[in-house]
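These notes concern the structure reproduced below.
The values are calculated or read from the model by the stated rules, or taken from the named source; none is laboratory data. This is a predicted model, so every value here is computed, not measured. Counting neighbours? That spans all protein chains shown, and the Cβs are built from the backbone with ideal geometry, glycine included. Ligands, DNA and RNA are stripped out before the accessible areas are found, and what is left, the full protein with its side chains, is counted by its heavy atoms. Shrake-Rupley method; radii C 1.70, N 1.55, O 1.52, S 1.80 Å.
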Amino acid sequence: MDFPILSTLIFLPLVSSLFIFLSRGQKNNNSSIYISLFSSLATFILSLFVWYSMDYTSPNFQFLEEQSWINDYIKFKLGVDGISILFIVLTTLITPICIISCINSIQDRVKEFLIAILILETFMIGVFCSLDLVVFYLFFEAGLIPMFLIIGVWGGSRRVYSAFKFFLFTLLGSVLMLVAIISIYWITGTTDVTEIYEIKIPKEYQNLLWLAFFSSFAVKTPMWPVHTWLPDAHVEAPTAGSVILAAILLKMAGYGFLRFSLPMFPIASDYFTPLIFTLSIIAIIYTSLVALMQDDMKKLIAYSSVAHMGYVTLGIFTFTKLGIEGSIFQMISHGLISAALFLCVGVVYDRMHSRMISTYGGLVNYLPKYSFLFVVFALAGLGLPGTSGFLGEFLVLTGTFQKNYLVAMLATFGVVLGAAYMLWLTKRVIFGQVKNDQIKNLKDVNKCELLILIILAILVIFFGFYPAPLMETLNVSVDNLINNYEIAIKTN
Amino acid sequence: MLNNLNILLPEIFLTLSIFSILMIGVFIQNSFNLIFNLSSLIILLTVAIILNSSNNEEKIFLESFTRDAFSNFFKILILLSSLFVLNSSKNFILDNKIAKFEYPIIILLSILGMFFMVSSNDIILFYLGLELQSLSLYILASIDRDNLRSSESGIKYFVLSALSSGLLLYGCSLLYGFTGSTNFDLISNELSKENTGAVFAMVFILVGLAFKVSAVPFHMWTPDVYEGAPTSITSYFAVVPKVAGLAVLIKFMLIPFSNILAEWQTIIIFISIASMILGAVAAIGQKNIKRLLAYSSIGHIGYALAGVATGVISGYESAVVYIAIYVIMNIGAFSCLYLLKKDGQYKENISDLSGISKKHPILAISFLLILFSLAGIPPLGGFFAKFYVFTAVLEQKMYALAIIGLLTTVISAFYYLKIIKTIYFDDNVISFEPSKNRFAKLSVFISCGILLTFFLYPSILNNLVDTLFLN
């Protein structure tokens, strides 16, 4: 196709943010909200169109775009395959949801907030579209700027500390990746991902390069022990910021493992599997235990995110079809569920201005619609069969059993812990006695909140019963990934 | 020989114009505005003359003066950056009552000195150019002579700089003694690793040059001079002499010292790493923006030197690209400072920036872009500058240099973020007077525009710089 559809997808939010920037500042920010909502929905529809018109039966990258960029040797190359398109659609879906959610929750500097969200969307789509390491790095790092501002300007009381920690942790992880990217260029003579797949990086370089990429992705995933920035960032970020952080930014690392670490360094990936397994198991069990002890709702969900991302890394490094498909599915489903949970916390936070679990209790008596939705998402979060959360974890665990019994046993233990903290959270917040008189005056969810939560709930349940649309998209690309991996291991 | 004088046309034009406007200044009272505008005109005309001249390599005066693409590029960079620095600071100069007619004239004189530095092909001519530049800078540093800080910074700069010039001159004489020539090409033929005396000479010359570009461990003057001198002079110091200094460093590696590159390289690697680390660490505690920018400029010179340290053409090219982008960023940063006027005073503490994002959103976002670019965060121009340097460094497999360099960018990101934090996150709101300084706004706008759109066509500078090293 000649029309540069992926560039349009990437730069549409950026252009519309420019319009918002130029639009006249009014007392009510209706025009900016409409522009941003319209453009993000247009981006969403465009991404659905890309998904629809893709050929799932081909493992090749599609909608390729190439433009000579840096000195004719590094190309601005874009393309999608069955794996990346799902993340793109997730990004474009979550962004309008965030924009709707901020109508209620952001009062101050709305225009700037919308600009930051849209610019962030551009960078996030760019990460999932890029087929060149330098382009990927550019988008991957550029996302730090808007997110830093979102946490720092609109965040809670310890926002400065959290924003700095987020920025510096991620930057520190990423600089080694930059060294690795440039080294790959000098080893292979290109930074084009598809060409590197063909060339195959020599064995002696793979381990170091893999570690350099790992340092970046481990921080971003986040994996234990470099996960500590995440709870801080989540707690202090405004609702929309937490949603984007949990739903999309964390997925960049998982995507990075699939797109770069696995196919480019198969031998090193195999070599470091025990490391990943160990860290994942620690993440699953340790952070689940930590989540049990939290008295801040956002922190609890943040730690549960770390645990869920533990399943993702576990699944990817089983190198089995079930494991990898499961972890991709888990990422999509976690994107929906954690987004919904943060939105749920945001709903009561906007009314009570407290995230403490002890503030609440017995919400079901006064906020029935809210409580129903909250329980749905909490159950999805703990992986109840019939929700998308179950399928992801189930596939990952099945994949792990094929590879290593002990690891699978330990990971399964994490499922129990997940149920424990989620149910306990629900019990303390939704059920129980009403301890706080203010709760009696609370209003139930309004139309905007209801709309976005119901959309998410439908998706979570739909994919829980009928995952085929996602799986069919993934199927060939994952097969191809595993084939190439096995060939590389055999020839070694 | 005289029919070749057109090679020297820019220098001749500049010299004659300086003398003429000096006369105007002497005979007409209160002629600051006139002379200031004439100086800008002279700069523009000189740019035009250089653009008109050919880029073929030609040497004159017993091969002691070269005109080639390399020197022409640096001359234009020096002229354009001076033009922006000078014009964006005009209101500042008037407000601070340092509007003496000598001011622009001395700047032109220092430009003339730098012209000879970048064009010289002979130690003596090089030294004369360097001294003309340095003497002008001493006067500029203390131009606000009623102000104690300014005088102090002038004296400090003079004493330390004279010492380094002495070392440099000693190195030059050693070089002459051991090679028997003052011409770069002849020296290059004579030098070899066995010539220990010449290696000594090289070290002394390097010390002098490192002082001029304020690289660690010869950086001590920088923070004090930057803080003490009036901001308009500081911005000149931070931009223009650095360009000339780096050009000379590269030139020394290209011609006279090309045979003893390995010895020279180890020293530059050390200086580069030390500058990057000190620039990153020492800036953290600073409260004054000018002082902070001083340390940041030390760090940036460290990155540019990392490119020079590779000892190959692609490394020099990356250093030139780096310094060009550095110039753009610093002109933008200093122009922002000219817009921070309150109660007739220009603010220069970081805490004075508190919450300006609410009252001055455009200024705040410009500052934000420039600072992120200085920190080297993509997709801004500063990232590409670092990218090119480290690509060249890694091509030579200098992994330690690259990793240390990139780790220091993380540390330095911290203090840039601290300023952004003050601008965006702090609650108490300070508002500044709406500035009438249109040119400063224009330079901020141009600087941000370039940094922001650089990623669309990032090889534009490289293609230009590629042509400089063809010979």
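The portion of the accessible surface of the range B:247-300 made up by carbon and sulfur, rounded to a whole percent, is 71 (1.4 Å probe; DNA, RNA and ligands excluded).
Accessible surface area normalised per residue over the protein assembly as shown is 35 Å², counting heavy atoms of protein chains with a 1.4 Å rolling probe.
When both the range A:290-350 and the range B:181-221 are represented by their alpha-carbon centers, they are found 60 Å apart.
Our analysis of the protein assembly as shown gives Rg over Rh at 1.02, with the two radii drawn from alpha carbon positions and Rh computed by the Kirkwood formula. Measuring how big the range B:54-103 is from its alpha-carbon positions, Rg and Dmax come out at 16.8, 48 Å. For the interface of chains B and A, what total accessible area is buried with a 1.4 Å probe, rounded to the nearest 100 Å²? Chains B and A together bury approximately 3400 Å².
Working note: Cα atoms of the range B:38-148, range along each principal axis, descending, whole Å: 45, 28, 16. Taking every residue in B:451-459 and counting other chain Cβ atoms within 10 Å of its Cβ, the average works out to 3.
Inter-label distance, A:K490 to A:Y205: 2.6 nm, where each label sits 7 Å from its Cα along the C-beta direction. Roughly how many percent of the accessible protein surface of the range B:109-240 is carbon and sulfur, given a 1.4 Å probe and a whole-percent answer? Looking at the range B:109-240 in its full context, I get 68 percent from C and S.
Distance distribution P(r), the range B:108-181, all Cα-Cα pairs, bin width 10 angstrom from 0: 20, 41, 28, 10, 2 percent. Converting phi to 3J(HN,Hα) with the Karplus coefficients 6.51, -1.76 and 1.60 and the offset θ = phi - 60°, the range A:446-458 yields 8, 4, 4, 4, 4, 4, 5, 5, 5, 4, 5, 5, 4 Hz in sequence order, with x at every glycine or proline. For B:L442, neighbours were defined as the other residues whose beta-carbon sits under 13 Å from its Cβ, and their charges (Lys and Arg +1, Asp and Glu -1) total +4. Of A:E204, B:E131, A:E195, the residue with the largest accessible area leads and the full order is A:E204, A:E195, B:E131 (1.4 Å probe). Here, the range A:105-186 yields an orientationally averaged convex hull projection of 5.8 nm² when only Cα atoms define the hull.
Taking the average, over residues, of other Cβ atoms within 10 Å as the packing measure, peptides A:43-55, B:282-294, A:327-339 rank A:327-339, B:282-294, A:43-55 from highest down. Among the residues of B:420-430, the average count of other protein chain beta-carbon atoms within 10 Å of the residue beta-carbon is 3.
Based on the Stokes-Einstein relation at 25 °C and a viscosity of 0.890 mPa s, and on the Kirkwood radius from alpha carbon pairs, chain B is assigned a translational diffusion coefficient of 110 µm²/s. Hey, how many Å between the Cα centroid of the range B:153-176 and the Cα centroid of the range A:459-481? Computed from Cα coordinates, the inter-centre distance equals 72 Å. Other residues with beta-carbon under 10 Å from the beta-carbon of A:L78 carry, at +1 per Lys or Arg and -1 per Asp or Glu, a net charge of -1. Taking all C-alpha pairs of the range B:253-390, those more than 27 Å from each other amount to 29 percent. Taking K and R as +1 and D and E as -1, what net charge do the other residues with C-beta under 14 Å from the C-beta of B:L132 add up to? Net of charged neighbours comes to -1. Between B:L442 and A:S157, the FRET efficiency estimated from the beta carbon spacing at R0 = 41 angstrom works out to 0.55.
Per residue, the convex hull spanned by the Cα atoms of the range A:83-224 measures out at 116 cubic angstrom.
Computed on the Cα trace of chain A, the radius of gyration divided by the Kirkwood hydrodynamic radius gives Rg/Rh = 0.95. For the range B:437-454 versus the range B:86-118, the spacing of their alpha-carbon centroids is 21 Å. Computed over every Cα-Cα pair of the range A:361-492 and binned at 10 Å starting from 0, the pair-distance distribution P(r) comes out as 11, 28, 30, 18, 10, 4, 1 percent. In whole angstrom, the range B:300-379 maps to an equivalent ellipsoid with semi-axes of 32, 13, 9, each derived as √(5λ) from the alpha carbon gyration tensor and ordered largest first.
Computed in the context of the full set of protein chains, the accessible area of the range A:291-338 at 1.4 Å probe radius has 58% of its extent on carbon or sulfur. For the range B:1-130, the number of Lys pairs separated by eight or more positions or lying on different chains, with C-alpha atoms closer than 26 Å, is 4. Taking amide H positions as modeled 1.01 Å from N, with prolines and chain starts lacking one, the residues under 5 Å from B:D122 and 5 or more places away or on another chain are B:F184. Inter-chain neighbour count for B:390-397: the average number of beta-carbon atoms from partner chains within 10 Å of each residue's beta-carbon is 4.
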